[in-house]
Amino acid sequence: MTATADIRNDWTREQVLNLFALPFNDLLFHAQQVHRRHFDANKVQVSTLCSIKTGACPEDCAYCPQSARYDTGLEREKLMQVEAVLEEARAAIASGATRFCMGAAWRSPKQKDMPYVARMVREVKALGLETCMTLGMLNQDQASELAEAGLDYYNHNLDTSPEYYGEIITTRSYQNRLDTLANVRTAGMKVCAGGILGMGEGEKDRAGLLQQLANLPQQPESVPINMLVKVAGTPLENERDLDPFEFIRCIAVARIMMPKSHVRLSAGREAMSDEMQSLAFLAGANSIFYGEKLLTTTNPETNRDRQLFARLGIEPEAYQQYADETAVETELQSQLAAQQNDAFFYDASR
Ligand code: SAM
Ligand code: DTB
Ligand code: SF4
């Protein structure tokens, strides 16, 4: 099969469920074959998150620590100054990230905020990072403004299947989300869209989420698969753990259905063992959030991630448009060499 013949936008729910029903080893073998047709299986893209406006969100997303409707003890913070964002972006470069994703706890951006966020995009990009933002719903004009500022990716998740969606969010509709994704595409930006697993949904809902994403007119370039981070005070704080194999199955099915997309092993890694994360990479995940904080919750320590990469022989994917490419290459190579050395001395009793 040729590379493009892999891509289909006409998946039925039954076909997706048939993939989920494969024996685990067959599913992973299939996913790994698709993965290797399109990607170097030992490269993983690394993005760092920055919460540019935290908490006090008017929406009611049942998983989210930033909703003003739940008492999660989170301190609200106003929109960050551009210089403070740049400082975080420089730190992200120094630790080896190639994409910087700026998130705001908004239903949608206000017009008065647009010049600031556009400036953030321009200046972060000028440092040589790929840029991504997630600011809630966008109308067509707002999407075009961000595209003109040079924003590479816009993240907006579908979160779950259309059928289960109403159990999780009531303040915006599934169609609102699809409209935002269409506006982002029309503006010419790359799309980052995925969802969350472990919110009490069934396999048919996980299949429904992937069906929606894969059947978009153009598949998202980036597909974050989050494992619910259970935050005290949110309605989902006591949700039952999802079987880790179900999570891995979902990554593998995403890889098969969206062969050319980067599938991101996103929130929830801190609660995963190294072995589970390596299974996710085997299933075709090839992107992570890197850095000790997600938006408001914690992520694995960068040293743990570096060691994991070294133990698995994984290298961070280079981003060819770095302002000073040679310097970054050298930095990444020396970090990797140091980690490989550390891994040699890895203490299994740790
Ligand atoms: N407010 C904007 C929005 O919702 O569109 C952008 C920020 S929002 C925090 C970005 C995404 O983070 C959500 O769509 C959701 O998929 C993910 N997310 C939020 N809280 C999470 C949690 N507790 N566990 C896993 N993923 C989460
Ligand atoms: C995505 O899919 N996951 C990221 C990013 N896109 C913006 C956010 C995860 C947030 C986890 C909860 C928190 O740290 O607040
Ligand atoms: Fe607000 Fe986004 Fe959290 Fe929903 S996910 S409550 S929109 S910050």
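Write down the percent of antiparallel bridges among all DSSP beta bridges whose residues are both part of the chain, to the nearest 5.
Of the beta bridges lying entirely in the chain, close to 5 percent run antiparallel.
In debye, nearest 20: dipole of the chain around its Cα centre with unit charges on the Cβ of K, R (+) and D, E (-)?
480 debye
Quick one: length gained pulling Glu163 to Leu127 fully straight, 0.36 nm per residue minus the C-alpha distance?
Stretched fully, the Glu163-Leu127 segment lengthens by 8.7 nm.
Across the range 103-113, in residue order, what do the Karplus-derived ³J(HN,Hα) couplings come to in whole Hz, using 6.51 cos²θ - 1.76 cosθ + 1.60 with θ = phi - 60° and x for Gly and Pro?
Values, residue by residue: x, 10, 7, 10, 5, 6, x, 7, 4, 5, 7 Hz.
Sorting Asp305, Asp6 on the 10 Å Cβ count, fewest up front, what's the list?
Asp6, Asp305
Please report the spacing between the Cα centers of the range 280-306 and the range 86-163 in Å, no decimals.
After rounding, the separation between the Cα centres reads 19 Å.
Please go through the range 279-321 and write out the GluC sites (Glu not before Pro) that DSSP classes as loop and that have at most 16 other C-beta atoms within 10 Å.
The qualifying sites are Glu292, Glu301.
What number comes out for the charge environment of Phe245, summing +1 per Lys or Arg and -1 per Asp or Glu over other residues with Cβ under 13 Å away?
Local charge sum for Phe245: -3.
In the range 109-200, which trypsin sites (Lys or Arg not before Pro) are in a loop and have at most 14 other Cβ atoms within 10 Å, using DSSP for the loop call?
Lys110
Hey, what's the per residue convex hull volume over the C-alpha atoms of the chain, in cubic angstrom?
Expressed per residue, the convex hull around the Cα atoms of the chain is 135 Å³.
Please give, to one decimal in nm, the separation of the simple spin-label points placed at Thr170 and Arg240, each 7 Å out from Cα toward the Cβ.
Calculated label separation equals 2.5 nm.
Rounded to the nearest 5, what % of the DSSP beta bridges within the range 1-147 are antiparallel ones?
Antiparallel bridges make up about 10 percent of those DSSP assigns within the range 1-147.
Let me have the 222 nm mean residue ellipticity of the chain computed from DSSP H runs of 4+ only, each contributing -39500 (n - 2.57), with the sum over all residues rounded to the nearest 500.
That comes out to -13000 deg cm²/dmol.
What's the ranking of 252-259, 90-97 by average number of surrounding C-beta atoms within 10 Å, highest first?
The peptides rank, most packed first, as 252-259, 90-97.
So what's Rg/Rh here for the range 148-243, counting alpha carbon atoms and using the Kirkwood radius for Rh?
Radius of gyration over Kirkwood radius for the range 148-243 works out to 0.99.
Read the figures in this text as sums done on the coordinates, not as results from a lab. These numbers were taken from a predicted model, which means no experiment stands behind them. As a convention, Cβ positions derive from the backbone with ideal geometry for all residues, glycine included, and neighbour counts pool all protein chains shown.
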